[in-house]
Structures are given as structure tokens and as C-alpha cells.
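Following: one structure in C-alpha cells, then a few remarks.
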Amino acid sequence: MRRGTEATLALLAAAGLLAAAWAAPWLKFVLTIALAKGIAVLGILLLLRAGQVSFGHALFLASGAYAVAFLAPAAPEALLLLPAAALLAGLLGLVVGLFVVRYRDIFFGMLNLAISMVLYSLLEKLYELTRGTDGIRVEPPRVAGFALTLETYVWAMLVLALVLAVGFGAFVRAYLGSPMGQALAGIKTRETRLEFMGVSARRVLLAAYVLSAVMGGVAGAIVGMTTRHVTPLLAYWTSSGELVFIAILGGAGGALGPFLGAAAYELVRVYAAASFADAWQAILGTVLLLVILFAPGGLWGVISGLLGRRAGRAA
Amino acid sequence: MSGALLEARGLRLAFGGVKAADGIDLDVLRGEFLAIIGPNGAGKTTFLNMTTGYLRPQAGTIAYEGESILGLAPRAIVRRGIGRSFQLPQLFTEHTVLENIALAIAAREGLWSPLAPLLRHRWREEAMEILGRFGLAALAEARADALNEGARKLTDIAMAVALNPRLLLMDEPTSGVAAAEKMAIVETLVRVLREAGVTAVFVEHDMDVVERFADRVAVWSQGRIAALGPPGQVLSDPAVQREVIGIERHA
Ligand SMILES: Nc1ncnc2c1ncn2[C@@H]1O[C@H](COP(=O)(O)OP(=O)(O)OP(=O)(O)O)[C@@H](O)[C@H]1O
Ligand SMILES: [Mg+2]
């Protein structure tokens, strides 16, 4: 996929998203959450490039959301809360990463899961601090100094999420094409060779891990400010599974995949939950099965395949 | 400064009962091409593995440029200037040949800029130039897992050369290369290495290659060095011929 094509598609998608939010106001909430999860899944994508699947990345999303919940009373400003959440999640990512990047494959996946479950139980048990399963309410913070009406606030969150999504998407795209990103792919195919080129594979993976944690934290901050209520469920293993699900659904081949996957996931979830309350998980399961069987490149794989074929015919 | 670039003394390493290194003493001299020959399982690869930090000897010392490199990780040893190619090529199979080389160049420069593309102009140019020297330019865009054995071997060596090593250890650079193209490939290789002033140690099973390109030959046998000297002298030694070459000469 050429760089220009992907950028054009991203801009078209962004414009389409804003138009949809304009036409159907209730969509704003769903789309903001989808963009946030897409950002978290971008981080998952980096690790997937190294052949590693984290089943615990909700850890970072939750830590970003709780950072917002804890800090909002003292610093009620979205543009401060976001970087604070990113920093906190990044530091947490560094600490956890130093440990987990020593492991590969199933051990990597399961260690991430285990650590996220530790955080989950802490959030649940430390009632004094976290109010347990009741969770913490978040008052809408100011945005760039403005105290907004609820309607404007919801718009502001959507636009903020969109800007961050485009920014992180462009960053991840460039990162994957750089030596650091290509070395990630080298971890998947021939890790020993990296060592014999003088490169520490662990450090390459650690860099990606910290970045993925930062993106998880940013996603969590958006989720926290948008839902305005954070609970330990954000760190539960099903939330981590959801991120992996979205990664596979959207496709790991490009930076647009996570957002396609997240949008599809959230929309199917909302529609299916409303129309078939008992069956929506079965519907999602079926969708995932179909993707794995018939479109292993995910939604993005299907779309870029179609575009590639058109370009091929035009040439 | 002595003439030895690498000095190994009393290296020992046993796997269970198998003595893969049983007291190896060897100096690799600056600028020489040293061939290592010997039957399968003699411990040739084990010597390279110990020298590059992949295996740690149970006893003995290894010094490079007069400094011990014992206990250093492979990547630390590589950064000191010891490169290595592999008996089984170790390529990034999902990347193109060009990307494999460019990644080695990027690694050498330690330039892990997270935003500049791997195939930026300067690295692409240098990678193409290296591929050109190895006669691989036409395969630049081929995926590494689509190459035949000979091209994979050469790409593997080109990646090691891209790191600008001063000492290059090559494990059977010509095995798997079709007989018809073998001599041409070795000639290219030797020219590239001589031009770059690289000292080379190579494990080799083809005695014609050894005779023509090695300055000295070390004969490995059951974890020991059974003979060491110029090819003319060593290869005509009846004991060496019986033990090592006899079966392989006609191959
Ligand atoms: N990591 C290892 N673990 C156990 N045994 C090993 C290991 N590496 C080598 N050996 C054994 O040590 C002996 C020497 O092996 P090595 O690979 O060094 O031989 P070689 O001379 O390179 O042989 P070839 O010509 O077949 O490549 C063999 O018996 C081999 O099985
Ligand atoms: Mg060997």
C-alpha cells in the first residue's frame, strides 16, 4: 500500500466519522470509545509485529483510566490528564516490560495476563483507594481551559480522540517502517541474528512494549473521560482479550486496521446487544471465526487487497 | 602488538561425554585466511560458537586484540569487530534481501531512529553496493525465504560483511552452493574480504577451495587441532589425508 493511498484513506475515514457523528449524535460516544480502543490496539500491533501477543494489555488501559480518575479532582484539565496518563502507563510499561521481554510466545502472553490480573484484584480489593467494584466517577474536566457544556464536551472528546488516533496511527506507521520496527519483525523470524548484528532483541521489544503501554494509557484516559466512570472491569482479562480480538478483526498489516477493527467491534456490539441481547457474544465469536478462516489479514487486509487489485488493473 | 588478532588458549567444552573442544590453542594472524577442516562432529562449529560468545567454554581463554572476550554476549563481541556467518543461513525470512542488508547496516550504525525509514537513501545505496560486490544485486527485491541455498549463503555472509568486521568467522560458506558456481563465488568472496582488509576464518569441506584460498589450514579432530600450517604442507600429510580428507577429496 502506497503511503499516499493510506493517508488519503485515513483522512476520508476521519471525515466520514465526523459526518456520521453529526448525523447520528448517539454515535459520538461509540465512536470515541472505538477510537480509544483503536489507539490501544495500535500498541498491540507493534508487539504482534514481533510475533508476541499480550493477553494483558488492558492493564495499561485501566492504569490510564484510573490515572484520570485519581488526578481529575486535582487537575481537571483534559490536556494535562492525557499526558499524565500516558506517562504513568509508560512508566508502568517500563517496569513490567523489563520483566516480560525476557519471555516469548505463550509465556509472554500469559505473564502479561497474570500481571494484569494482579492489577485487577488490587483495584477491586483496595476499596479505600479505588472504591472497589463501584468504581470512581470522573467529573468532566476542562478542555484547553474551557469548561464545556455536556454536548460540546462530548464533541471535544471525539475530536481529541480523532486527533490522537491520527497522530498515533501515523507514528506507528513510520515506526514499523524504521529500523526499530523492522527489527521487531526480525524478532519474529530470526532473533539470534539480531544478537549477532550487535542488537539487543530485548531492548527492541522493550521499546515497543513501552510505546504500547503509552498508547494503552492514552486510550484509557480517553475512555475514562468519555465514560466518566472507571471500574476494575477495565483491567479484567476479558478487556485484554477484547483488544486482541480487535487486532485480529481489523488486521495487523497496517495502522488503519486497529481502527477499522475497533469501529466494527463497537458497532456490532452496540447493535447486537440491543437487538439480540442474549446472543451478541455468539455473533462476535462467529465474526471472529469467519475472519480467521476467510480473511486472515482482517478487515484491513480485505480492503487493501481490493484497492491493490483495482490499482493493479488501472496500471 | 603481536601478529595475532585472536588468541585462543586451552579451550575446553564437553556436551555430556562428547568433548567438542578438548584443549584448543590457536592464534589467528592479522590479515590471514585460515581454513578449518575436519570430519563431521569434530568441533569446528563449536569453536566458532565459543569465539562469538554463543557458547561459553568450560575452561580456557579467548583474547581479541589482546583483550579477553570471554563471557561477553554475542552482541558485545560483534560490536568489537568479530562478525559471523552461519552453517545454516540466519536470514530475516519475511524481509527482502535488500532489507536484510539494510538492517545490518542500521544495526552497525546503532542508529535506531524510530521514524526514519529503513530503506532511506543512504542505507539503500550502501546495501545495493554491498549486494553488487557479492553479485546479488539482481536479487535485491527477492524475499529471503525464496532464495536458493547458494544465494542464501551469500546473503548471510553479506549481512556479516555489512557490519564491517575486522575478523569474520564463516561456517561452511560454500556448502549447498552448486559445484559449478562454487569457485566463482569463493573468488568473489575472497576479493571482497581482501579489499576490505578483513581477517577470515572459514570452515570448509572442499579441499580445492582450501588449497586455493587459505593461507593456513587447521585440522580439527575430536575437539583437538591435529595439524596446523600452510595448505601445501598440511594437505599432503599422509595422516591428515587418511583421517580427514580421504573420504572427502573425491566428493
Ligand atoms: N549445543 C550442543 N549441545 C549438545 N551437543 C552439541 C552442541 N553443539 C555441538 N554438540 C556436539 O558437539 C560435537 C561437535 O559439534 P560441532 O557442531 O562443533 O561439529 P562440526 O565440526 O561443526 O561438525 P559439522 O561438520 O557436522 O558441522 C558433536 O558431537 C555435536 O553433536
Ligand atoms: Mg559445523
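So the values come out like this:
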| item | result |
| --- | --- |
| Residue check, B:A180 assigned to a helix (DSSP H, G or I) and out of contact with any Phe, Trp or Tyr (no Cβ under 8 Å at 6 or more places or on another chain) | yes |
| Members of the range A:7-51 that are surrounded by 24 or more Cβ atoms within 10 Å (Cβ to Cβ) and not hydrophobic (A, V, I, L, M, F, W, C) | A:T32, A:K37, A:G38, A:G43 |
| Total residues in the range B:35-65, condition touching a Ser or Thr at 6+ places or on another chain (Cβ under 8 Å), among the hydrophobic types (A, V, I, L, M, F, W, C) and within 16 Å of ligand 2 (Cβ to nearest atom) | 2 |
| Cross-chain or 6+ apart pairs with Cβ under 7 Å, the range B:29-53 first and under 20 Å from B:A76 (Cα atoms), then within 9 Å of ligand 2 (Cβ to nearest atom) and open to solvent by 10 Å² or more (accessible area, probe 1.4 Å) | B:T45/B:Q87 |
| Entirely in the range B:62-134, the helices (runs of 4 or more DSSP H) that have 3 or more residues that are away from chain A (no Cβ under 12 Å) | B:121-133 |
| Among (1) touching a Ser or Thr at 6+ places or on another chain (Cβ under 7 Å); (2) more than 10 Å from chain A (Cβ to nearest Cβ); (3) at pLDDT below 95, the one test that B:L154 misses | (1) |
| Tally, over the range A:1-50, of residues that are modelled with pLDDT of 95 or more, of a type outside the set (A, V, I, L, M, F, W, C) and more than 18 Å from A:W300 (Cα to Cα) | 1 |
| Helices (runs of 4 or more DSSP H) (entirely within the range A:115-204) containing at least 3 residues that are touching a strand residue (DSSP E or B) at 6+ places or on another chain (Cβ under 9 Å) and either open to solvent by 20 Å² or more (accessible area, probe 1.4 Å) or within 14 Å of chain B (Cβ to nearest Cβ) (or both) | A:150-177 |
| B:L72 of a type in the set (A, V, I, L, M, F, W, C), more than 12 Å from ligand 1 (Cβ to nearest atom) and at negative phi | yes |
| Hey, B:V219 open to solvent by less than 60 Å² (accessible area, probe 1.4 Å) and touching a strand residue (DSSP E or B) at 6+ places or on another chain (Cβ under 6 Å) or not | yes |
| Residues (touching a strand residue (DSSP E or B) at 6+ places or on another chain (Cβ under 7 Å) and either of a type in the set (F, W, Y) or under 14 Å from A:L123 (Cβ atoms) (or both)) located in the range A:211-239 | A:G224, A:H229, A:V230 |
| Number of positions in the range A:205-252 that are open to solvent by 10 Å² or more (accessible area, probe 1.4 Å), among the polar types (S, T, N, Q) and part of a helix (DSSP H, G or I) | 4 |
| All positions within the range B:9-46 that are of a type in the set (D, E, K, R) and either away from ligand 1 (no atom under 15 Å from the Cβ) or under 21 Å from B:F86 (Cα atoms) (or both) | B:R9, B:D25, B:D27, B:R30, B:E32, B:K44 |
| Residue list for the range B:177-205, filter: crowded, with 20+ Cβ neighbours inside 10 Å, modelled with pLDDT under 90 and either under 15 Å from the mean Cα position of the chain (by Cα) or of a type outside the set (A, V, I, L, M) (or both) | B:I185, B:V186, B:L189 |
| Search result, residues across the range B:140-176 that are within 16 Å of ligand 2 (Cβ to nearest atom) and buried (at least 21 other Cβ atoms within 10 Å of the Cβ) | B:K153, B:D156, B:I157, B:L169, B:M170, B:D171, B:P173, B:T174 |
| Qualifying residues in the range B:75-90 (those that are of a type in the set (G, A, S) and away from ligand 1 (no atom under 14 Å from the Cβ)) - the one surrounded by the fewest Cβ atoms within 10 Å (Cβ to Cβ) | B:A76 |
| Set A:R142, A:R137, A:R131, A:R228: member being over 30 Å from B:F92 (Cα atoms) and either of a type in the set (G, A, S) or modelled with pLDDT under 90 (or both) | A:R131 |
| Any hit, the range B:100-117, residues being open to solvent by less than 20 Å² (accessible area, probe 1.4 Å), within 16 Å of ligand 1 (Cβ to nearest atom) and of a type outside the set (D, E, K, R) | no |
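Yes or no, residue by residue, for (1) farther than 29 Å from A:S200 by Cβ; (2) surrounded by 20 or more Cβ atoms within 10 Å (Cβ to Cβ); (3) hydroxyl-bearing (S, T, Y):
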| site | (1), (2), (3) |
| --- | --- |
| B:V18 | yes, no, no |
| B:D22 | yes, no, no |
| B:I36 | yes, yes, no |
| B:Y54 | no, no, yes |
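Let's see how each residue does on (1) out of contact with any strand residue (DSSP E or B) (no Cβ under 7 Å at 6 or more places or on another chain); (2) farther than 23 Å from A:E242 by Cα; (3) among the aromatic types (F, W, Y); (4) surrounded by fewer than 15 Cβ atoms within 10 Å (Cβ to Cβ):
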position	(1), (2), (3), (4)
A:F60	yes, no, yes, no
A:S63	yes, no, no, no
A:F70	yes, yes, yes, no
A:A74	yes, yes, no, yes
A:L88	yes, no, no, no
A:G93	yes, no, no, no
A:F99	yes, yes, yes, yes
A:R102	yes, yes, no, yes
A:D105	yes, no, no, yes
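The values are calculated or read from the model by the stated rules, or taken from the named source; none is laboratory data. Here the structure is a predicted model, which is why all the values come from computation and not from measurement. As a convention, Cβ positions derive from the backbone with ideal geometry for all residues, glycine included, and neighbour counts pool all protein chains shown. To get the accessible areas, we keep the full protein, side chains included, count just its heavy atoms, and leave off ligands, DNA and RNA. Shrake-Rupley method; radii C 1.70, N 1.55, O 1.52, S 1.80 Å.
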